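Colleague: Quick one: this structure, given as structure tokens, is what I'll be asking you about.
The values are calculated or read from the model by the stated rules, or taken from the named source; none is laboratory data. A quick note: this is a predicted structure, and the numbers were derived from the prediction, not measured. Don't worry about glycine lacking a Cβ; one is built from the backbone with ideal geometry, like all the others, and counts go over all protein chains shown. Accessible surface is based on the protein model in full, side chains and every heavy atom, while ligands, DNA and RNA are left aside. Shrake-Rupley method; radii C 1.70, N 1.55, O 1.52, S 1.80 Å.
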Amino acid sequence: MTVSRTTSYAGIAVVVAVLPLLLDPYWTDVFVSIGLYSVLALSLNIILGQAGLFHMGHAAFYAVGAYVTAIANTMWGVPVLWAMPFAGLGAALFAMVVARPIIHLRGDYLLIVTIGIVEIVRIALINNVFGLTGGANGIFGISRPMLFGFKIAKPVHFYYLVWAYVACSILLFRRLENSRFGRALNYIKEDDTAAEGSGVNTASYKLWAFVLGAFWAGMTGTIYAAKMTIISPESFSFWESVVLFAIVILGGGSNRGVLLGAFLLIGLPEFFREFASARMLAFGLAMVVMMIFRPQGMLPPMPRFYKLPERIRCITGKGGDAAAQAGGGA
């Protein structure tokens, strides 16, 4: 990491830390929502942005995590933050079960099936599965999270909790992109047939991309449930999946693009709330313009560069700084 990049990250961290001191509770809460959608979009980016799988049912995994937390907290008294890993595991297990039989599908066919999944989950929650989900009314009385004896209750508290979670997510997914797993997903996105011919187990990598994305979305559901103290099926509708899909597509599939997309689609409309009737028109127009003039997204992944081995450099006559380019990075 270069000094300039380190300085940039430090500057961003300072701005994020100071921002609540300059905002009223309403705008602090808006930035909490931006942070939650950022994490959800980052988890979807593993599936959509890195593996190239058209998935529009991410709200289903988000819902599973939120409901696991709500049930564990209200029925069994499990502290909210302690329930967080279990919410992730529940969502990951659900993803493995539903993704296994459909992982061979591609493009629009996979997209349609995932739309069906999020609607099935929503309808199942409305019908009060096993008498646990509270039906259409949802689950009430979820307790606030406690961290080292400190009760997180105010918008500014959730602001710091959520954005600390965003920072951890970015660091994790950055490392993931540069790992063997991340490179394999990039190969699959570019050409899964060629990747399979090169020895990459495409079905396994696709399935684990779903599982990992679902795990992180499920844990994000814990924070949402704790913030709202009440959840209902309507909080996890198909529209939520559409918004997350749009954030990743408009952002371009990179971590920084996802953050920018979350701010534009979640935060920017709040500045024009008095024009609420025209917000959807502006949203649709922006999508059309982006698809025509910048289909790769606002901030697509940077090209990956790898140093050629010494033996190949000697054969090709390339210098010591020669590099091979492939795919994209964060």
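Colleague: Any idea which residue in region 22-74 is farthest from I126 (Cα to Cα), counting only those that are polar (S, T, N, Q) and either within 13 Å of the chain's Cα centre (by Cα) or surrounded by fewer than 22 Cβ atoms within 10 Å (Cβ to Cβ) (or both)?
Modeller: Of everything passing the filter in region 22-74, Q50 is farthest from I126 (Cα to Cα).
Colleague: Could we say that L105 is in contact with a Pro (Cβ under 7 Å, 6 or more places away or on another chain) and either crowded, with 16+ Cβ neighbours inside 10 Å or not charged (D, E, K, R) (or both) here?
Modeller: no
Colleague: Something else now. Which pairs do you get when a residue that is open to solvent by 10 Å² or more (accessible area, probe 1.4 Å), found in region 256-269, comes within reach of a residue that is outside any helix (DSSP H, G or I), reach meaning Cβ atoms under 9 angstrom, with the pair 6+ apart or on two chains?
Modeller: Hits for this filter: R256/L299; R256/A330; L259/L299; L260/G252; L260/M298; L260/L299; L264/M298.
Colleague: Would you call T114 surrounded by 16 or more Cβ atoms within 10 Å (Cβ to Cβ) and not in a helix (DSSP H, G or I)?
Modeller: No; evaluated as a whole, the condition is false for this residue.
Colleague: Of the residues that make up region 138-154, is at least one open to solvent by 30 Å² or more (accessible area, probe 1.4 Å), farther than 21 Å from L81 by Cα and outside any loop (DSSP other than H, G, I, E, B)?
Modeller: No - not one qualifying residue is present in region 138-154.
Colleague: Taking the condition of being more than 18 Å from A209 (Cα to Cα), of a type in the set (V, I, T) and open to solvent by less than 50 Å² (accessible area, probe 1.4 Å), how many residues in region 117-128 meet it?
Modeller: 1
Here's the yes/no breakdown for (1) within 20 Å of the chain's Cα centre (by Cα); (2) buried (at least 22 other Cβ atoms within 10 Å of the Cβ); (3) not acidic (D, E):
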residue	(1), (2), (3)
E190	no, no, no
I223	yes, yes, yes
S235	yes, no, yes
S254	yes, yes, yes
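Colleague: Tell me, which helices (runs of 4 or more DSSP H) lie completely within region 1-106 with 2 or more residues that are under 24 Å from I231 (Cα atoms)?
Modeller: By residue number, 25-45, 58-76, 80-99.
Colleague: Still on this structure: In region 201-221, how many are farther than 10 Å from L40 by Cβ and either of a type outside the set (G, A, S) or surrounded by fewer than 23 Cβ atoms within 10 Å (Cβ to Cβ) (or both)?
Modeller: 13
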